[in-house]
Structures are given as C-alpha cells and as structure tokens.
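Some notes on the structure that comes next.
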Amino acid sequence: MATATATTATPLSSFSSLSISLHTTPRLSFLSTTRLFPKLAFSSLICRASSSSSDNPPTEIDTSFFDKFNPNADEDVVFDPPTPPEDYVSPPSFDDLPEEDEEEIAAAFEELYGPAYSGISVLGKDINVMDSKVKKTGALGKTKKEKIKDGFDERVVQVRRVTKVVKGGKQLRFRAIVVVGDKKGQVGVGVGKAKEVIAAVQKSAVNARRNIITVPMTKYLTFPHRSDGDYGAAKVMLRPASPGTGVIAGGAVRIVLEMAGVENALGKQIGSNNALNNARATVVAVQKMRQFRDVARDRGIPMEELWK
C-alpha cells in the first residue's frame with residue numbers, strides 16, 4: 001500500500017492541496033476478482049486535488065487499480081481463467097451448424113414476432129388476431145369497424161327509413177336487410193335497425209350470421225327437387241333447372257340463391273312484394289328440400305330404388 005501511495009504522490013505534486021484516502025471498494029465485488037486474480041487485493045484510491053488558481057474549478061479524480069500493480073509498467077498481465085470441469089463439452093461453431101431452410105427460418109421468426117406481414121402463417125396461427133385491437137378512424141374521425149373475415153360475403157337487399165311514434169314525437173331510424181353466404185351452400189338472412197345506415201348494416205350482418213342454413217344442391221349446382229315456401233303474405237316457388245340455365249329469379253329471391261352458390265334455378269315470387277318476407281320465404285322453401293341420399297337412408301333402401 002505504501003508503494004502505491006509513493007508512486008501516486010509524484011505526479012500529483014503540482015497541485016496546491018492534496019488529500020489521499022485508501023479504502024476497500026465493495027462496489028466492484030461483482031467482478032469476482034478473487035477468482036480471476038486471487039493474489040491481488042482490490043483497492044481504490046480517491047484523490048481530490050484543487051488547483052491554486054481561481055480560474056480553474058477544483059477537480060475530483062477517482063482512480064481504481066490493483067495493489068502491487070503498476071499500470072505504467074511494460075510487463076503483460078497474465079490472465080489465468082479457472083479450469084473447466086472434466087465433462088465440459090465446448091459448443092459447436094456457428095459455421096459448423098447445419099443450414100436452415102426457409103420454412104424453419106419463417107417458423108422461428110413467427111415464433112418470436114408473430115405472423116409475417118405477408119399474411120401466411122407457418123405455425124397455423126390467426127393472422128388477423130390483432131386487427132380487432134387496431135383502431136382505425138374514418139374521414140370524420142369516427143372509428144371504423146373492419147368487416148369480419150370468416151369467408152362469408154355480404155349483400156345488402158334493402159335499406160329503409162322507418163319511424164316509431166313515441167310520447168315526445170317520432171324516432172327516425174334505418175332498417176337494413178342483409179344476406180350473407182359463402183357461395184358453397186351456406187346462406188343466412190338478417191335484419192337490423194339503427195340510427196345510422198352503417199350501424200344498421202352491421203347489425204343485420206351479425207343477425208344473418210346467427211341464422212345460417214345449408215342449401216342442398218346437386219353436382220350441377222341446382223336444387224334436388226321443387227319446393228314452395230311462404231312467410232307471412234309472401235309465397236316463393238323454387239324449381240330446379242338444367243345446367244346453363246342460370247338463376248332466373250328476381251328481388252330478394254335472386255340474392256339469396258346467388259349468395260348460397262346456386263347457379264341453375266328458377267324462382268318466382270307469389271303474393272307480397274315485401275323484400276324481407278320474400279327472403280325469409282326463400283329460406284323456408286330451401287329448408288324443406290332434402291337430398292336423395294338422406295331420403296334413401298331414412299327409408300332403409302338403396303338410392304337406386306327411389307326412381308322405381
């Protein structure tokens with residue numbers, strides 16, 4: 001310790017006042033110096049020196065070094081790490097590892113950061129899971145709601161302004177009729193009311209998804225047999241058609257059949273012209289239809305005997 005003090009006192013003799021204090025520094029105990037350098041004890045030398053001139057402010061120097069170690073010496077410090085255990089196996093080099101293909105790299109990236117912006121999930125995750133948490137505003141600063149991406153298309157049949165008479169006057173609202181379908185045999189009809197048209201369409205779309213039905217069709221994308229349906233004062237007649245005929249129907253009946261995926265059919269509205277009642281009458285007529293294999297299974301006979 002005296003050697004370190006004498007060595008440090010020579011370059012600091014130019015200062016007017018000097019105060020030197022030696023003490024053990026526990027702040028750097030995390031370096032585990034006793035393991036790496038067991039023969040060296042760690043100390044700290046804090047030198048506070050102030051210049052005699054009034055122009056320069058007093059400076060404070062914090063110098064930390066090892067005992068019996070001269071930093072100005074030319075000798076090299078020998079690093080003596082602890083010996084590894086007997087069963088220690090060094091990890092392979094990065095260049096020696098096998099090359100990863102694109103799928104493994106994409107899977108590792110998706111595991112860390114989620115599905116990529118390309119919209120393709122390697123691990124089978126939902127790529128639209130964060131869309132509901134993103135707030136999107138329109139031109140007037142109102143929050144826009146994205147359409148539900150569940151494979152169903154939406155078609156607005158009718159939007160009407162309706163009023164409700166109350167004690168204070170009339171309440172003005174909008175009623176929307178929406179038909180949803182995947183054009184693969186699934187279709188639904190819904191209705192909703194709201195003070196705005198957009199909200200009414202969204203409500204009716206949700207209501208239509210709650211009333212999904214399956215439309216029985218043949219390989220020619222037509223009905224297996226004829227059927228009639230009525231709802232209220234509306235009556236709808238549905239007939240199968242040969243390939244290439246197309247959908248010959250009008251109004252809400254045509255929209256329901258197109259959203260269901262029917263390509264060859266005949267439809268006719270008999271009775272009321274109400275769009276909602278005709279759409280629901282079409283659903284009633286479709287629900288009465290049955291496939292030939294279902295009838296043969298219920299009767300317990302082969303399907304070929306149905307035409308005998």
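Assorted remarks:
- Normalised by the number of residues in region 227-299, the average gap of Cα pairs under 8 Å and 6 or more apart makes the relative contact order 41 percent.
- Region 227-299: C-alpha gyration tensor shape, a/c 1.5 cut-off, then a/b vs b/c: oblate
- Cα shape, region 173-239, gyration tensor, a/c 1.5 rule: oblate
- Unsatisfied cross-links (Cα-Cα over 22 Å) in the set Lys195/Lys268; Lys184/Lys308; Lys184/Lys219: Lys195/Lys268; Lys184/Lys308
- When Met303, Met289 are arranged by Cβ crowding within 10 Å, least crowded first, meaning fewest neighbours, the order is Met303, Met289.
- Among the listed pairs Lys170/Lys235; Lys164/Lys193; Lys149/Lys203, those beyond 21 Å (Cα-Cα): Lys170/Lys235
- Computed over region 152-213: relative contact order in percent, which uses C-alpha pairs under 8 Å that are six or more apart: 30
- When Val197, Val157, Val256 are sorted by how many other C-beta atoms sit within 10 angstrom of their C-beta, beginning with the fewest, the order is Val197, Val157, Val256.
Each value in this text was obtained by applying a stated rule to the coordinates, not by laboratory testing. All figures in this text were calculated on a predicted structure; none of them were measured in a lab. Using ideal geometry, Cβ is built from the backbone for each residue, glycine included, and neighbour counts are taken over all protein chains shown.
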